[in-house]
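Here is the structure we will look at.
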Amino acid sequence: MPDQKLLARAEEIELKWKLMQIEEMEDRMKQREELKQRRAEDRRRQYEDFRKNEELIARRQAGCKHRKGGRDNRFWNGNSQDYSINKNTYPTGEEAIFCTRCQKTIWKPNKKLRQTDPKLYASMMEEWKIWSSYPTDNTPSGSKIFEVEDAVAA
């Protein structure tokens, strides 16, 4: 028969081992919760930075005259008769006009949009026509050497 002291010592060691496992598990749970909170805070901060950047871009675009020219740190007050815009044609067939100063981009509306949302199509087409009429000496870019087409069921 085993010695009572030896059994008591074994039970004591087992209890300490179980307490150590519980402590380690609690530490891991705490670290995991802290990591979740840090990640949530990082996401919140990233979203806030993104929102502030979007506001800054919108302010810059609203204040931009989209014209060439301007001196002495008055870059946004372009004074040329020509607009600082360029037209791109993408392989998908999409066309966009963008200001090379503030990066505001106007997309030519897709003809499918006329059927799904006529009001949005009309407003986008009106803005497209206005931007297309701006005089510029920039040459269009994006020579179309291939075209990406929508897959059609045969």
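The values are calculated or read from the model by the stated rules, or taken from the named source; none is laboratory data. Everything numeric in this text was worked out from a predicted model, so none of it was measured. Because the Cβ atoms are built from the backbone with ideal geometry, glycine has one as well, and the counts that use them run over all protein chains shown.
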Any residue in segment 92-120 that's farther than 22 Å from Glu54 by Cβ: show its pairings with residues that are β-branched (Val, Ile, Thr) at Cβ separation under 7 Å, as long as the two are six or more apart or on different chains.
Thr92/Val148; Glu95/Thr89
From the set of residues in segment 41-93 that are hydrophobic (A, V, I, L, M, F, W, C) and surrounded by 14 or more Cβ atoms within 10 Å (Cβ to Cβ), which is farthest from Asn110 (Cα to Cα)?
Trp76
Residues satisfying the stated conditions in segment 39-68, i.e. closer than 25 Å to Asp82 by Cβ and among the aliphatic types (A, V, I, L, M)
Ile57, Ala58, Ala62
For segment 114-125, does any single residue satisfy the condition of being under 22 Å from Arg60 (Cβ atoms) and over 26 Å from the mean Cα position of the chain (by Cα)?
no
Scan of segment 93-139 for residues that are modelled with pLDDT under 85 and either assigned to a strand (DSSP E or B) or closer than 20 Å to Gly78 by Cβ (or both), ordered by number:
Asp137, Asn138, Thr139
If Arg39 satisfies all but one of (1) basic (Lys, Arg); (2) within 30 Å of Asp137 (Cα to Cα); (3) part of a helix (DSSP H, G or I), what's the number of the condition it fails?
(2)
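For (1) modelled with pLDDT under 95; (2) at negative phi; (3) charged (D, E, K, R), each residue gets a yes or a no:
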residue: Glu12; (1), (2), (3): yes, yes, yes
residue: Asp27; (1), (2), (3): no, yes, yes
residue: Glu33; (1), (2), (3): no, yes, yes
residue: Lys36; (1), (2), (3): no, yes, yes
residue: Glu41; (1), (2), (3): no, yes, yes
residue: Glu48; (1), (2), (3): no, yes, yes
residue: Arg60; (1), (2), (3): yes, yes, yes
residue: His66; (1), (2), (3): yes, no, no
residue: Arg74; (1), (2), (3): yes, yes, yes
If Leu6 passes every condition in (1) loosely packed, with under 10 Cβ neighbours inside 10 Å; (2) hydrophobic (A, V, I, L, M, F, W, C); (3) closer than 30 Å to Pro109 by Cβ but one, which one does it miss?
(3)
